[in-house]
Amino acid sequence: MKDYYKSRTEDPAGQITNRMEGSYHRFLAGFTETKAINHSLSKGEQRENPIKDFFEELLPRRFSVTSGEIFDSKGNISPQSDLIIYRTIDGIPVLNQQPTILQSESVMCVTEVKSVINTEAYKDCLIKAKKLFELKPFGKPLQMYERGRDPSSEECRYFISIFAYSSNIKGSLKDEYKRYKQCAEEAGIDEKIIDRIYILGKGIINPSDKKVAADTENRKIGLFYFYSNLLQFATREAIRRKEVPHIAYFGRMSEGWENVK
């Protein structure tokens, strides 16, 4: 694996960089356009849509994107999530309307979208992430991030992230990380439960490695990392993970049968 990373070119392809720049400006325009919307639900939906479109355009066709809830065969159900990326081939949206409900084994990534990231928003995202860990795909607990992890095909991990259009503090990304860490400590939740936090125009935070990367005028590197890290995870996880055990969701199917002589 180390040799693989060393063999890659140092700079990304220009076409990818240009696409990230274009997406950044579309996010910014969409955020500006929705400022005049007063209804919180409508505003929330309008701000989720550009990110949903971004994922749908730039993720392989093996993945689909929706909002909704996630459930497992034991009856556990997650809170409503803004954006869920799932494996198209075996993800069956149980309700073909909002909120969509997806089987836990088909889900790869979960993203919460915030207009403004602040202390309350961080705590909300942390609590929602913790509730995701009540799910038991394949009847097993969700896995946390662990370097060098070598899971079986029935051990699942979700890539959990936050996409924020802005922040209510003008401090640096390091200040932003310290605030997030404090929120996690106050909530009694492991900070590594959130994989990435991207703030538009400001940059990205990686809580697991305690690292930040700031956007600049010349390059929106945080958005590039947000997309590439999520893509890498989803692609790897989708190949490694077993298909959804659909039959587990139907119970024993013994009720009502009668013997015919």
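Give just the number: which of (1) within 22 Å of residue 132 (Cβ to Cβ); (2) not in a helix (DSSP H, G or I) does residue 249 not satisfy? Unmet condition: (2). Looking at 73, 7, 42, 81, which one is surrounded by 20 or more Cβ atoms within 10 Å (Cβ to Cβ) and either over 20 Å from residue 162 (Cβ atoms) or at pLDDT below 70 (or both)? Result of the check over 73, 7, 42, 81: 73. Once the range 164-218 is narrowed to residues that are basic (Lys, Arg), loosely packed, with under 15 Cβ neighbours inside 10 Å and more than 20 Å from the chain's Cα centre (by Cα), the residue that is nearest to residue 121 (Cα to Cα) is 178.
Residues in the range 215-232 that are farther than 20 Å from residue 85 by Cβ and free of Cβ contacts under 8 Å to residues at least 12 places away in the same chain: 216, 217, 218.
Look at (1) assigned to a loop (DSSP other than H, G, I, E, B); (2) at pLDDT below 95; (3) of a type outside the set (Asp, Glu) and you find that residue 225 fails only one, number (1). Under the condition of being free of Cβ contacts under 8 Å to residues at least 24 places away in the same chain, charged (D, E, K, R) and part of a loop (DSSP other than H, G, I, E, B), the residues counted in the range 175-214 number 1.
All of 219, 179, 196 fail the test of being closer than 30 Å to residue 139 by Cα and of a type in the set (D, E, K, R), apart from 196. Restricting 224, 233 to those that are more than 29 Å from residue 135 (Cβ to Cβ) and surrounded by 10 or more Cβ atoms within 10 Å (Cβ to Cβ) reduces the list to 224. Of all residues in the range 159-193, those satisfying the criterion of being under 30 Å from residue 242 (Cβ atoms) and in contact with a helix residue (DSSP H, G or I) (Cβ under 6 Å, 6 or more places away or on another chain) are 159, 160, 162, 163, 189, 191, 193. I'd like the full set of residues that are of a type outside the set (Gly, Ala, Ser) and outside any helix (DSSP H, G or I), limited to the range 113-138. Listed by number, the residues that qualify are 113, 114, 116, 117, 118, 133, 134, 135, 136.
The values are calculated or read from the model by the stated rules, or taken from the named source; none is laboratory data. Computed from a prediction, not measured in an experiment: that's the story for all the values here. Glycine also receives a Cβ, built like all others from the backbone with ideal geometry; neighbour counts cover every protein chain displayed.
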